[in-house]
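Below: one structure, written as structure tokens.
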Amino acid sequence: MQALLEENRSRIRAIIRKMTGSYNEDLEQEVCLKVWANRERYTEEGKFKAFISLLTANICRDYFRAGVFKTTALSVSADSVGEVVDERRSQEEIADTKLRQKIILKAVDSLPAKMRDIVVYYEFEEMSYEEIAARLKISVGTVKSRLFTARNILSEKLSYLKGD
């Protein structure tokens, strides 16, 4: 199991970065702990990388749902006042990005299950239409249609984020 985790470490980190906006070691450790704790229950029914990707995405969603956003404390000294202003601005940008991502994930979670699965596979796990079709045992045309419909729904729900 350790070897499988090592092989997929970069995938885990990429998903965490994509979903949270930055690397989060705590989330990576939580993924490893969940895999390790449930290793006896894991059965090889599909590709391990798909399993670990879905698990990582779910842990990131749980992170946003729990509202566990950790902020870095700023230290102020007379010499670093200018740096603190820049650091605060970047912290605000990070917080804004995380909030936007949380809103987007909530919108994705609100999609009907058939559409949500396809969005997760395509956007977060970066699976091709063909891979998704094979996994869900549906046609490629159905995958494309559901993804198109899901994107339209998300576009309507999230139109206020565009800032136009």
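How do 18, 102, 137 stack up against each other in accessible area, from largest to smallest, with a 1.4 angstrom probe? Don't jump to the answer; show the numbers that get you there.
On the way: 18 90, 102 60, 137 175 Å².
Ranked list, largest accessible area first: 137, 18, 102.
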I want to check the label-to-label distance for residue 10 and residue 158. Put each point 7 Å from Cα in the C-beta direction and report it in nm to one decimal. 2.6
Just to verify a number: what accessible area does residue 25 come out at with the full protein assembly present, 1.4 Å probe, Å² rounded to tens? 100
Please report the accessible area of residue 96 (heavy atoms, 1.4 Å probe, ligands and nucleic acids excluded) in Å², nearest 10. 80
Where labels lie 7 Å past Cα in the beta-carbon direction, separation of residue 151 and residue 49 in nm: 2.3
Nearby lysines by direct alpha-carbon distance to residue 98 (threshold 28 angstrom, same-chain neighbours under 8 apart not counted): 18, 34, 49, 70, 106, 114, 157, 162
Compactness ratio of the stretch 89-153: Cα Rg over 2.2 N^0.38 Å, N = residue count? 1.32
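Heavy-atom accessible area per residue, the stretch 95-136, 1.4 Å probe: how many Å²? Intermediate results must be reported in sequence, preceding the final value.
On the way: 2210 Å² over 42 residues.
Each residue of the stretch 95-136 exposes 53 Å² on average to a 1.4 Å probe.
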Karplus-derived HN-Hα couplings along the stretch 92-109 (A = 6.51, B = -1.76, C = 1.60, θ = phi - 60°), whole Hz, x at Gly and Pro: 5, 5, 5, 4, 5, 4, 5, 5, 4, 5, 5, 5, 5, 5, 5, 5, 5, 4
Could you pull out the chymotrypsin sites (Phe, Trp or Tyr not before Pro) across the stretch 104-164 that fall in loop regions by DSSP (anything but H, G, I, E, B) with no more than 12 other Cβ atoms inside 10 Å? none
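The values are calculated or read from the model by the stated rules, or taken from the named source; none is laboratory data. Everything numeric in this text was worked out from a predicted model, so none of it was measured. Every residue, glycine as well, gets a Cβ built from its backbone with ideal geometry; the counts of neighbours run over all protein chains shown. With ligands, DNA and RNA removed, areas are computed over all heavy atoms of the protein, side chains included. Shrake-Rupley method; radii C 1.70, N 1.55, O 1.52, S 1.80 Å.
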